[in-house]
Amino acid sequence: MSVRVRFSPSPTGTLHMGGARTALFNWLFARHHHGTFILRIEDTDTTRSTAEHAENLCRVLRLLGLHWDEGPEVGGPHAPYRQSARLPLYGAAFEKLRETGAIYPCYCTPDELETRREAARIQGQPPRYDRRCLDMGATERQALERQGRKPAWRLHVPDGARVVVSDLVKGEVGFDTASLDDFIVVRSDGSPTYNFAVVVDDIEMEITHVLRGDEHLANTPKQLLLYQALGATPPAFGHLPMILAADRTKLSKRHGSVAVEEFLAEGLLEEAILNYCALLGWSPPDEQEVLSLHEIVESFSLERVNSAAAVYDLEKLRWMNAQHLRRLTPTQILHRADAWLRAAGLLPPLPGPPLDKVIDAVTERVQTFADLPTAIEYFYRRPTVYDPDGTAKYFVPETAERLRKAAERLATCVAFDAEAAEILYRSLADQLGIKAAQVIHPTRLALTGRTVGPSLFHIMALLGRDETTARLRRAADWITAGGWKP
């Protein structure tokens, strides 16, 4: 049997990490088993669903590289792939349920239902539907319809039964039908409910496995009853673990941006986001954390999906992004960080060292593409300010003369490279009778305006002899003019 899975988001907002994880696990399962990954847009919630959100979902999935085999913009043998365009299919399934007596009309108004639920709560009973309309005669139904009432249709849930979900992640989970109520299948306005539409779609699209978030587990027994009523074989179900914040509370915006589009805008790599999402509930056989998408596909299995909640950690995501960024060549980084470099005015290239060489020097110290402009700008723009803590510590009065002496020595250096600069600096420190750090740290501050960064002598080699000496003299003059503060 060929694997057929689907990701079926409601287009009511942006794609968040939870949805991205669900999409990824379905995509991985399909790719690992050489199956079919289907995108289905569940847009029957007309009050919240929008075409713009649907387009955005598709765009972000494409940016992540989670391309679908069937679905919007692609087509397929089970089109259409938007629920709002599939109403005739639901009508046919509804007629089948009605003909077999699996469903019955309910004329109770929302107010009547709420009144009876409240009465049940007061009596300490579960607020379930009391089946008032189950055995209603034709005469009473006709009278209610003459009043203008239109019925909703409920599934007649069998009494005293137990529905068992053989979950691929959680194992067997049982539900007593007493807890399920006779739930509505079709609303009084003729629109299908979520559980009914999903089952009809999954049957028609020949879905073999339903992999979705843990919050949908409560829907599964209802859906299994609908499969039974429609005479269809249900797919296998697997419910993925919840994603909690680092403090083990429900994940929300206050725990950091969780919309995938926001992460992409912040300069995170698509492969890092997918790698991180994969580890939210799944662990590879060798426990290695930094993996390519190909490696994840090769190793992926539901047997290694944990049923316990996964914990979302923004710092871990950024760490993982840094690991993936370091796998790229400077040329690849330059190409993919184009938008951030242009926004910072660093492209087209400014006069100075080659961008790819500068990027190679700072890659170990950046986590995202958004960090890159700040990390490299001093190679192309002389610092206009110096780190205040650094000036207090390193730009003491005697530093000015040391920087001038360093500039004089460097100006005479013919073969100017990192090795020559280091030899010259250590020799100068010996002659001045000071520690090398007493001239190295002020030099870094003079050249970059900062106290940390790549190897100082590598920076000097990239800046070149003339720019390096010019910056040293400029900092010395700044100190002499009283720019330093004790």
Per the filter on the stretch 29-57, residues in contact with a Ser or Thr (Cβ under 9 Å, 6 or more places away or on another chain), in a helix (DSSP H, G or I) and under 24 Å from His239 (Cβ atoms) are Phe29, Ala30, His32, Leu57
Within the stretch 440-470, the count of residues that are more than 18 Å from Thr384 (Cβ to Cβ), part of a loop (DSSP other than H, G, I, E, B) and of a type in the set (S, T, N, Q) comes to 1
Listed by first then second residue, the pairs whose first member lies in the stretch 417-436 and is touching a residue at least 12 places away in the same chain (Cβ under 8 Å), whose partner is open to solvent by less than 70 Å² (accessible area, probe 1.4 Å) and aromatic (Phe, Trp, Tyr), with beta carbons under 9 Å and at least 6 positions apart or on separate chains, are Asp417/Phe457; Ala418/Phe457; Glu419/Phe457; Ala421/Phe457; Glu422/Phe457; Tyr425/Phe457
When the stretch 326-355 is checked residue by residue, the ones that are among the β-branched types (Val, Ile, Thr) and open to solvent by less than 50 Å² (accessible area, probe 1.4 Å) are Ile333
If we keep only residues of the stretch 116-139 that are surrounded by 12 or more Cβ atoms within 10 Å (Cβ to Cβ) and free of Cβ contacts under 8 Å to residues at least 12 places away in the same chain, then the residue farthest from the chain's Cα centre (by Cα) is Ala119
Selection over the stretch 14-71 where residues are within 17 Å of the chain's Cα centre (by Cα), among the aliphatic types (A, V, I, L, M) and open to solvent by 20 Å² or more (accessible area, probe 1.4 Å) yields a count of 1
Worksheet entry | Leu428 being open to solvent by less than 50 Å² (accessible area, probe 1.4 Å) and over 46 Å from the mean Cα position of the chain (by Cα) | yes
In the set Leu445, Leu462, the lone residue that is hydrophobic (A, V, I, L, M, F, W, C), out of contact with any Asp or Glu (no Cβ under 7 Å at 6 or more places or on another chain), buried (at least 17 other Cβ atoms within 10 Å of the Cβ) and closer than 21 Å to Ala375 by Cβ is Leu462
Within the stretch 285-304, can one find any residue that is outside any loop (DSSP other than H, G, I, E, B), within 12 Å of the chain's Cα centre (by Cα) and surrounded by fewer than 21 Cβ atoms within 10 Å (Cβ to Cβ)? no
Taking the stretch 43-72 and keeping residues under 23 Å from Val3 (Cβ atoms) and either at pLDDT below 95 or among the basic types (Lys, Arg) (or both) leaves Arg62
query: Does Gly352 qualify as being farther than 22 Å from Leu268 by Cβ, at pLDDT 95 or above, more than 35 Å from the chain's Cα centre (by Cα) and in a loop (DSSP other than H, G, I, E, B)?
result: yes
For the stretch 323-346, check the following and say yes or no: at least one residue is under 18 Å from Asp466 (Cα atoms), in contact with a helix residue (DSSP H, G or I) (Cβ under 6 Å, 6 or more places away or on another chain) and part of a helix (DSSP H, G or I). no
Per the filter on the stretch 135-170, residues of a type in the set (Gly, Ala, Ser) and in contact with a helix residue (DSSP H, G or I) (Cβ under 8 Å, 6 or more places away or on another chain) are Gly160, Ala161
Of the residues in the stretch 167-192, those that are outside any loop (DSSP other than H, G, I, E, B) and not acidic (Asp, Glu) number 11
Picking from Ala476, Ala481, the residue that is over 29 Å from Thr363 (Cβ atoms) and open to solvent by less than 10 Å² (accessible area, probe 1.4 Å) would be Ala476
Only unsatisfied item for Asp313, checking (1) within 20 Å of Val60 (Cα to Cα); (2) surrounded by 14 or more Cβ atoms within 10 Å (Cβ to Cβ); (3) out of contact with any helix residue (DSSP H, G or I) (no Cβ under 8 Å at 6 or more places or on another chain), is (1)
Of the residues in the stretch 161-201, those that are over 16 Å from Ile103 (Cα atoms), without any contact (Cβ under 8 Å) to a residue 60 or more places away in the chain and surrounded by 18 or more Cβ atoms within 10 Å (Cβ to Cβ) come to Phe175
Practice problem: Report whether or not Gln367 is open to solvent by 30 Å² or more (accessible area, probe 1.4 Å) and touching a residue at least 24 places away in the same chain (Cβ under 8 Å). | Solution: yes
Here the residues within the stretch 98-116 that are closer than 12 Å to Arg149 by Cβ and not in a helix (DSSP H, G or I) are Pro105, Cys106, Tyr107, Cys108, Thr109
Margin query: Within the stretch 85-108, does at least one residue satisfy the condition of being modelled with pLDDT of 95 or more, of a type in the set (Gly, Ala, Ser), under 30 Å from Leu291 (Cα atoms) and surrounded by fewer than 16 Cβ atoms within 10 Å (Cβ to Cβ)?
Written below: no
Inside the stretch 372-416, the number of residues satisfying the requirement of being in a loop (DSSP other than H, G, I, E, B), touching a residue at least 60 places away in the same chain (Cβ under 8 Å) and open to solvent by 60 Å² or more (accessible area, probe 1.4 Å) is 3
Of the residues in the stretch 140-160, those that are loosely packed, with under 14 Cβ neighbours inside 10 Å and part of a loop (DSSP other than H, G, I, E, B) come to Gln147, Gly148, Lys150, Pro158, Asp159, Gly160
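The values are calculated or read from the model by the stated rules, or taken from the named source; none is laboratory data. Here the structure is a predicted model, which is why all the values come from computation and not from measurement. Glycine gets a Cβ as well: all are built from the backbone with ideal geometry, and neighbour counts include every protein chain shown. These area figures cover heavy atoms from the full protein model, side chains too; ligands, DNA and RNA do not enter into them. Shrake-Rupley method; radii C 1.70, N 1.55, O 1.52, S 1.80 Å.
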